[in-house]
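Nothing in this text is a laboratory measurement; each read-out follows from the coordinates by a stated rule. Given the structure is predicted, the values throughout are model-derived calculations rather than measurements. When we count neighbours, we look across all protein chains shown, and the Cβ atoms used for this are built from the backbone with ideal geometry, even at glycine.
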Amino acid sequence: MRALAARIGNKPWLLSFAGALAVWLATILFTEGKGGGQIITAALAFSTFTVIVGIGQMFVITTGPGNVDLSIPSTIALAGGVAMKIMGGQDGLIWLGLLACIGAGLAVGTFNYILIRLLKIPPIIATLSSSLIVMSVAISYGRGLQIKPPPSFADFTTAQVAGVPMLSLCAILFAMIMAVILERTVYGRATLAIGQNMRAAHLAGVKVERTRCITYLMSAAFAGLCGALLAGFSGGNALNMGEEYLLATIAVVVIGGTSVAGGRANVPGIWGAALFLYLLVTMLNTYGASAGVRLVLTGLIIIAMITLAGGDKPSR
């Protein structure tokens, strides 16, 4: 028993997958086994978008206390509108639209870092402020119009292979690549070092500000890509399609085993936490719980996880 507890302690992401499995079992027990496969398919599909932006948020939070990207929802809205408008419903313009949505994300990330670095604004305030500006740009650019995605792009975002969404398979590969980047590259190790002790990392020769800049650019670029994919999946762009990802990205990072104190990140846990949150909502819906109960329970889970991680403070 102690060995099992020690193993879980070394791999906290196992708890997120265990929680996802538990709520799925609770759901299918209530439904007497009906629809279990469909629930898993839906969970994989909707969790994909949370994973993409959650990984970007994870890198930002890993750089230390106070670092968080609150501009993700507005970046999703802007990039989704940009992608759909440039694609114009034409299959031949899909790649151009994807490049444009990533470019829009990079522009937002650059603006965020300018506010943080040059104007010395705390990241929470900087990204929240930029979020309001970006949303205003999205409203002006799209004028509230919903543009349908090209047929091939819509088919790709909704395609399935043996009941598994194609987009989810791509997101799993994406998560594996990002895990390698985190653990095996100079950038990934620099990110972890900065989160553990920024001053010590600087004295050790780590390019602190360059690493932070890349991190905010990457988070916004992932949000931009998510905006395009989400627009393709849902049949068109919408100004409110990124709203739920403000809470969700922070939740999956915390529940997935990444330290809110910085210096420790966990890519597999993002997938486990994303599945857990979706399956939790599904279970509560199946039980007939109201939207208020769902939000309260999600908030309590986040508070509990942050409390558990509270003793993990890096030295400064």
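Key figures
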| quantity | calculated |
| --- | --- |
| The chain: DSSP helices with Cα axial extent of at least 20 Å and average Kyte-Doolittle hydropathy no lower than -0.5 | 13-30, 36-62, 72-87, 94-117, 123-142, 166-184, 208-234, 267-287, 291-308 |
| Segment Ile125-Leu99, length gained on full extension (0.36 nm per residue, minus Cα span) | 6.5 nm |
| Mean residue ellipticity (222 nm) of the chain, computed from DSSP H runs ≥ 4 via -39,500 (n - 2.57), nearest 500 | -25000 deg cm²/dmol |
| Cβ-based net charge around Gly232, under 13 Å, with every Lys or Arg adding one and every Asp or Glu removing one | -1 |
| Separation in nanometres of the label points that stand 7 Å from Cα toward Cβ, at Asn240 and Gln90 | 3.3 nm |
| Spatially close lysines, pair count over the chain: Cα under 25 Å, gap of eight or more or interchain | 5 |
| Cut-off under 5 Å, modelled amide H: who pairs with Leu70 long-range | Thr127, Leu128 |
| Over region 140-257, equivalent-ellipsoid semi-axes from the Cα gyration tensor in Å | 33, 18, 13 |
